[in-house]
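For reference, the structure discussed in these notes is given below.
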Amino acid sequence: MEIERPSVLARLKRWLANPWNRPRLLALWTWIYLAWSIVPIVIAVQFSFNAGRSRSTWQGFSFQWYFQDPDLSVLHDPSLRLALIQSLKLAGLSMLITTPLGVALALGLARWRGRGAKPANFLMLFPLVTPEIVMGVALFLVFTNLLDFVPLGTPAQLLGHVTFSLSLVVIIIRGRLFAVGREYEEAAMDLGATQWESLRRVLLPLLAPAIFSALMIVFALSIDDFVISAFLVSQESSITIPVRLYSSARMAPSPALNALASLLLFGSLTAITLAGLFLRRYRKREGARGSAVEDLARLEI
Amino acid sequence: MAEQTGVVGERTWLWRAFAAPGVTWLILLFLTPFYAILSVAMGKLDPIFLTAEPVWNPAAWDPGVFAEAFGEIFGGALGETALRTIAYVIVATSLSVLIGYPVAYYVSRRAGRWKILILVLLIAPFWINYLMRMLSWVNLLDREGYVNQILMALQIFDEPREWLVGRHETVILGLVYGYIPFFILPLFAALDRIDEAVVEASRDLGASPFWTFLRVTLPLSKQGILAGTVIIMLPMFGDYYTPNLLSGSPKTRMFANEIDLFVNQTTSGGGRGAALTLILMGFVGLLMVYYLLSVARATREARA
């Protein structure tokens with residue numbers, strides 16, 4: 001470490017001498033930021049493969065905490081395995097319910113111009129800006145007091161996940177809907193298609209990339225959610241991965257927890273990479289400029 | 001009104017039918033829950049079990065619990081927590097702006113061939129679970145963790161420091177680390193939209209890079225800064241897990257911790273928890289409205 005310091009300092013001085021020539025300071029700042037933002041995660045993933053109990057001393061590579069340890073690995077510790085199953089179950093189900101519901105809502109809200117359309121649009125935007133804890137408390141109280149035929153646990157969690165991800169699906173689909181415009185549909189109807197036919201055979205195929213992205217993004221959102229899942233937990237079997245991470249991070253930390261977190265990471269990164277690749281394929285086909293990554297970067301606004 | 005007579009817009013009932021399930025869902029599972037918060041906060045206490053009993057009829061609402069919670073914030077036991085929360089959020093947001101602006105600026109305007117790679121790295125934390133990101137810091141800041149190891153190797157400290165108990169700086173680090181990606185991306189989008197020609201015009205007219213930045217780029221990115229700030233402040237005000245994971249001490253408790261305590265960890269606190277939630281919502285209401293309006297404006301622009 002200490003041998004490195006003078007050389008780094010000397011280079012820094014040279015950079016400082018002419019910072020405006022090329023944005024070297026900005027570049028340095030950005031890469032330091034990126035290292036700060038990514039390296040801790042890499043280290044956490046690294047220790048999920050540690051061949052020992054420590055989360056700060058590297059003892060060699062192993063799959064001990066994933067499946068080899070007969071008691072403490074993710075595969076064999078029931079509390080960790082159940083969390084994994086519950087997270088996947090919730091994410092899969094909410095993906096399948098939210099996406100069609102959101103696509104229909106996006107179509108409806110984009111085209112329907114009657115009384116009630118404005119308030120409905122406004123209502124749709126609200127979940128986007130509501131702090132999660134507020135939604136968590138609200139759902140908890142409604143399921144324990146008013147809609148008490150919905151038991152806490154998986155059913156309540158599922159309803160909650162669909163509710164908070166619905167608006168984002170609408171935003172994604174609507175963006176594509178505006179980009180596509182109405183010309184294709186109108187052309188189809190001029191050629192004699194009924195409204196329903198033009199919707200099913202012209203518009204839906206045009207929306208396909210957005211629908212696929214929405215599926216993946218709902219999956220990633222749901223599997224990542226902590227607050228709503230935590231407020232609506234009922235017993236051991238409805239604990240999701242993030243809830244498990246929360247309750248064990250300080251109490252009973254072991255590399256198995258890192259392994260569980262890493263699996264979550266691989267899951268959501270896969271979903272989002274698929275969404276990105278899909279977007280890219282469609283953009284290429286349509287000859288769009290720019291990159292899919294830039295599209296994805298703008299998605300969250 | 002003319003656009004409504006177009007071929008596609010004719011069958012309003014069809015579009016209304018498409019919107020109906022989603023709207024019903026939101027009324028049942030988004031609006032009704034808010035009514036439930038109100039009914040519990042303004043409800044009464046069961047005299048025997050001391051559990052909160054909701055009152056569904058607004059005419060019979062009793063603001064007693066609500067007023068009590070309000071009193072505790074202004075000059076009561078909760079005052080300190082509320083002030084601490086505001087201080088944490090302001091410090092963490094300011095740090096995010098200071099750290100994040102140069103990054104967003106570099107990526108959008110100067111990164112060149114690195115742009116895509118940097119963007120991928122900037123987007124990644126979005127999709128890495130927040131708690132996993134906090135867990136990685138719990139690992140690093142542990143007594144035996146890398147941070148203490150490095151600081152001791154550099155002989156800055158003689159003995160390991162307890163980072164994870166009741167330290168303001170740790171909680172603020174966690175908040176900045178957790179939310180800064182959500183600030184950088186909207187700002188990036190705003191900076192990316194600025195027309196290069198405007199910047200070049202300023203340079204051509206003789207402004208130095210510094211003044212061009214101050215007079216042209218910075219004002220044009222104001223919307224992005226505001227949007228990013230609001231986006232991270234909203235969840236920070238509702239955050240209870242960051243202080244719990246990185247400190248877990250009453251000394252670093254935030255406002256939302258009180259809500260969590262009363263709703264999740266006691267049986268008799270439902271009413272109080274609901275009242276505190278309403279107060280929190282009222283407090284962040286302005287931020288919410290600002291964000292709503294900016295989303296609505298973005299939608300209108302996309303439509304036009």
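The values are calculated or read from the model by the stated rules, or taken from the named source; none is laboratory data. What you see is a predicted model, and the numbers here were worked out from it, not measured in a lab. Glycine gets a Cβ as well: all are built from the backbone with ideal geometry, and neighbour counts include every protein chain shown. Side chains are part of the model used for accessible areas, which takes the heavy atoms of the whole protein and leaves out ligands, DNA and RNA. Shrake-Rupley method; radii C 1.70, N 1.55, O 1.52, S 1.80 Å.
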Is it the case that segment A:184-201 has a residue that's β-branched (V, I, T), part of a helix (DSSP H, G or I) and either surrounded by fewer than 20 Cβ atoms within 10 Å (Cβ to Cβ) or within 10 Å of another protein chain (Cβ to nearest Cβ) (or both)?
no
Tally of residues being without any contact (Cβ under 8 Å) to a residue 12 or more places away in the chain, more than 13 Å from B:V23 (Cα to Cα) and facing chain B (nearest Cβ under 7 Å) across segment A:90-129
4
Hey, could you check segment A:31-48 for residues that are free of Cβ contacts under 8 Å to residues at least 40 places away in the same chain and more than 7 Å from chain B (Cβ to nearest Cβ) and say which is farthest from B:R110 (Cα to Cα)?
A:Q46
Look at segment A:137-150 and say how many of its residues are more than 7 Å from chain B (Cβ to nearest Cβ), closer than 14 Å to B:V40 by Cβ and in contact with a helix residue (DSSP H, G or I) (Cβ under 7 Å, 6 or more places away or on another chain).
1
Every pair of residues 6+ apart whose Cβ atoms lie under 9 Å, when the first sits in segment B:284-300 and is more than 8 Å from chain A (Cβ to nearest Cβ) while the second is open to solvent by 70 Å² or more (accessible area, probe 1.4 Å) and polar (S, T, N, Q):
B:S294/B:Q223
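One line per residue, one yes/no per condition, for (1) aliphatic (A, V, I, L, M); (2) in a helix (DSSP H, G or I); (3) within 9 Å of chain A (Cβ to nearest Cβ):
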| position | (1), (2), (3) |
| --- | --- |
| B:R109 | no, yes, yes |
| B:R113 | no, yes, no |
| B:L135 | yes, yes, yes |
| B:L151 | yes, yes, no |
| B:P160 | no, no, no |
Conditions (1) crowded, with 21+ Cβ neighbours inside 10 Å; (2) farther than 17 Å from B:A189 by Cα; (3) not hydrophobic (A, V, I, L, M, F, W, C): number failed by B:D142:
(1)
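Quick check on this structure: which one of B:A207, B:A298, B:A275 is at pLDDT below 85, over 18 Å from the mean Cα position of the chain (by Cα) and part of a helix (DSSP H, G or I)?
On the way: B:A207 fails: part of a helix (DSSP H, G or I); B:A275 fails: at pLDDT below 85.
Testing whether each residue is at pLDDT below 85, over 18 Å from the mean Cα position of the chain (by Cα) and part of a helix (DSSP H, G or I) leaves just B:A298.
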Residue list for segment A:139-176, restricted to those being of a type in the set (V, I, T) and open to solvent by less than 10 Å² (accessible area, probe 1.4 Å):
A:V142, A:V162, A:T163, A:V169, A:V170, A:I173
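So, in segment A:72-84, of the ones that are outside any loop (DSSP other than H, G, I, E, B) and without any contact (Cβ under 8 Å) to a residue 40 or more places away in the chain, which residue ends up surrounded by the most Cβ atoms within 10 Å (Cβ to Cβ)? So that I can check it myself, show each step before the final result.
Of all residues in segment A:72-84, those outside any loop (DSSP other than H, G, I, E, B) come to A:78-84.
Next, only the ones that are without any contact (Cβ under 8 Å) to a residue 40 or more places away in the chain stay: A:78, A:81.
Working: A:P78: 10, A:R81: 14.
Among those residues, the one meeting the criterion is A:R81.
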Find the residue count for segment A:60-71, including only residues that are at pLDDT 85 or above, assigned to a loop (DSSP other than H, G, I, E, B) and open to solvent by 70 Å² or more (accessible area, probe 1.4 Å).
1
Out of (1) open to solvent by less than 50 Å² (accessible area, probe 1.4 Å); (2) at pLDDT 90 or above, the one A:L263 does not meet is (1)
Determine whether B:G71 is farther than 30 Å from B:S221 by Cα and surrounded by fewer than 15 Cβ atoms within 10 Å (Cβ to Cβ).
yes
Can you find even one residue in segment B:225-234 that is within 29 Å of B:A52 (Cα to Cα), open to solvent by 10 Å² or more (accessible area, probe 1.4 Å) and either of a type in the set (S, T, N, Q) or more than 9 Å from every other protein chain (Cβ to nearest Cβ) (or both)?
no
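State yes or no: is A:I228 in a helix (DSSP H, G or I), within 12 Å of chain B (Cβ to nearest Cβ), in contact with a His (Cβ under 8 Å, 6 or more places away or on another chain) and open to solvent by less than 50 Å² (accessible area, probe 1.4 Å)? Break it down into steps so the answer makes sense when it comes.
Numbers: in a helix (DSSP H, G or I): yes; within 12 Å of chain B (Cβ to nearest Cβ): yes; in contact with a His (Cβ under 8 Å, 6 or more places away or on another chain): yes; open to solvent by less than 50 Å² (accessible area, probe 1.4 Å): yes.
Yes; evaluated as a whole, the condition is true for this residue.
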Among residues belonging to segment A:90-114 that are under 15 Å from the mean Cα position of the chain (by Cα) and open to solvent by less than 30 Å² (accessible area, probe 1.4 Å), point out the one that is nearest to A:A214 (Cα to Cα).
A:T99
Which residue pairs have Cβ atoms under 9 Å apart, sit 6 or more places apart or on different chains, and have a first residue in segment A:270-283 that is farther than 20 Å from B:P125 by Cβ and a second that is acidic (D, E) and open to solvent by less than 80 Å² (accessible area, probe 1.4 Å)?
A:R280/A:D295; A:R283/A:D295
Just one of the numbered conditions (1) modelled with pLDDT of 90 or more; (2) surrounded by fewer than 16 Cβ atoms within 10 Å (Cβ to Cβ) is not true of B:V89; which one?
(2)
Residue check, B:A189 facing chain A (nearest Cβ under 8 Å), in a helix (DSSP H, G or I) and under 26 Å from A:S248 (Cβ atoms):
no
Mind checking which residues of segment B:92-104 are within 7 Å of another protein chain (Cβ to nearest Cβ), in contact (Cβ under 8 Å) with a residue 12 or more places away in the chain and open to solvent by 10 Å² or more (accessible area, probe 1.4 Å)?
B:I99
From A:S87, A:S56, residue being within 14 Å of chain B (Cβ to nearest Cβ), in contact with an Asp or Glu (Cβ under 6 Å, 6 or more places away or on another chain) and open to solvent by less than 60 Å² (accessible area, probe 1.4 Å):
A:S56
Quick one: would you say B:L119 is closer than 24 Å to A:V42 by Cα and either over 21 Å from the mean Cα position of the chain (by Cα) or part of a helix (DSSP H, G or I) (or both)?
yes
Does B:L131 satisfy being surrounded by fewer than 19 Cβ atoms within 10 Å (Cβ to Cβ), in a helix (DSSP H, G or I), within 21 Å of the chain's Cα centre (by Cα) and in contact (Cβ under 8 Å) with a residue 60 or more places away in the chain?
no
Among the residues of segment B:212-224, are any outside any helix (DSSP H, G or I) and open to solvent by less than 30 Å² (accessible area, probe 1.4 Å)?
yes
Counting only residues that are modelled with pLDDT of 90 or more, more than 7 Å from every other protein chain (Cβ to nearest Cβ) and open to solvent by 20 Å² or more (accessible area, probe 1.4 Å), how many does segment B:235-250 have?
1
